[in-house]
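**Student:** This structure is in structure tokens; I'll ask about it shortly.
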Amino acid sequence: MNSILIPVDGSKNSDLAVKHAVRAYGHNPQTHIHLCNVQPSLHTHIRKFLSKRSVQDWQADCALKATESASHYLETAGVAFSSSYVCGDKGTGLRDEAQRLQCNRIVVGTSKKHSVNRLFENSTTAKLLEISDVPVEVVTGSALHPLERWGIPALGAGAATALMAIVID
């Protein structure tokens, strides 16, 4: 059985990873695709005012919405799949889910980013590549908008430089 985990969040890049997996592995009837969405853990101060059941229902609803387009595509393609969601850190949650489901690979969709941007950003793809024992296949999507490509890293570098200058003084 060829078992593939695909992290999905409803973005174009995650949909691109699903389409790639169907093209590359969907022709094999032994292939099963697991769609996994990662929901953030709520801060303890917020959870204090909500029941555990209402938090779980909210997270399940958000995960269902995030997997909607990928599920529709897989149904149309006739590929066997299942969906799940985990809570917490994205990289660790996806790695643990891939191990729990005994997946052969993880197929991740990501956008093309400038190396400076990757330096200041907490990338799920980079974390998966670092911590996962399951092979990770990266499918690149479209390039970032020029403001995202240069503006955010420049602001981050400027803020980091200013903070270091304050600490040094």
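**Student:** What is the extension gain from Ser54 to Glu68, computed as 0.36 nm multiplied by their sequence separation minus the C-alpha to C-alpha distance, in nm to one decimal?
**Tutor:** Residue separation times 0.36 nm, minus the Cα-Cα distance, leaves 2.9 nm.
**Student:** If you don't mind, another one. Quote to one decimal, in nm, the extra length available between Thr140 and Asp96 on full extension: 0.36 nm per residue of separation minus the C-alpha distance between them.
**Tutor:** Gain on extension, Thr140 to Asp96, equals 13.5 nm.
**Student:** Amide H neighbours of Ser83 under 5 Å, at least 5 residues apart or on other chains, H built in the peptide plane: list them.
**Tutor:** When sequence neighbours closer than 5 places are left aside, the close amide H contacts are Leu35.
**Student:** So which lysines pass the test for Lys65, namely a Cα distance under 16 Å, with those fewer than 8 places away in the same chain ruled out?
**Tutor:** Correct list for Lys65: Lys12.
**Student:** Let me ask something else about it. Quick check: with the 1.4 Å probe, what order do Cys62, Cys36, Cys87 take by accessible area, largest first?
**Tutor:** Sorted descending by solvent-accessible area, the residues read Cys87, Cys62, Cys36.
**Student:** With a sphere of radius 14 Å drawn around the Cβ of Ile33, what net charge do the other residues whose Cβ falls strictly inside it have (Lys, Arg +1; Asp, Glu -1)?
**Tutor:** Combined, the nearby Lys, Arg, Asp and Glu give -1.
**Student:** Using 0.36 nm per residue, how much length does the chain from Asp133 to Thr44 gain when fully extended, once their Cα-Cα distance is taken away?
**Tutor:** 28.9 nm
**Student:** Ok, one more. Once amide H atoms are built 1.01 Å from N in the peptide plane, which residues 5 or more positions from Ser111, or in another chain, come under 5 Å H to H?
**Tutor:** Long-range HN contacts for Ser111: Gly141.
**Student:** Could you state the per residue volume, in Å³, of the convex hull enclosing the Cα atoms of segment 16-115?
**Tutor:** 134 Å³
**Student:** What does the C-alpha gyration tensor say about the overall shape of segment 14-66? Classify as rounded when a/c is under 1.5, otherwise prolate if a/b is larger than b/c, or oblate.
**Tutor:** prolate
The values are calculated or read from the model by the stated rules, or taken from the named source; none is laboratory data. Note that the coordinates shown come from a computational prediction; the quantities given were computed from them, not determined experimentally. Cβ: placed from backbone, ideal geometry, glycine included. Neighbour counts: every protein chain shown. The area values use the complete protein model at the heavy-atom level, side chains included, leaving out ligands, DNA and RNA. Shrake-Rupley method; radii C 1.70, N 1.55, O 1.52, S 1.80 Å.
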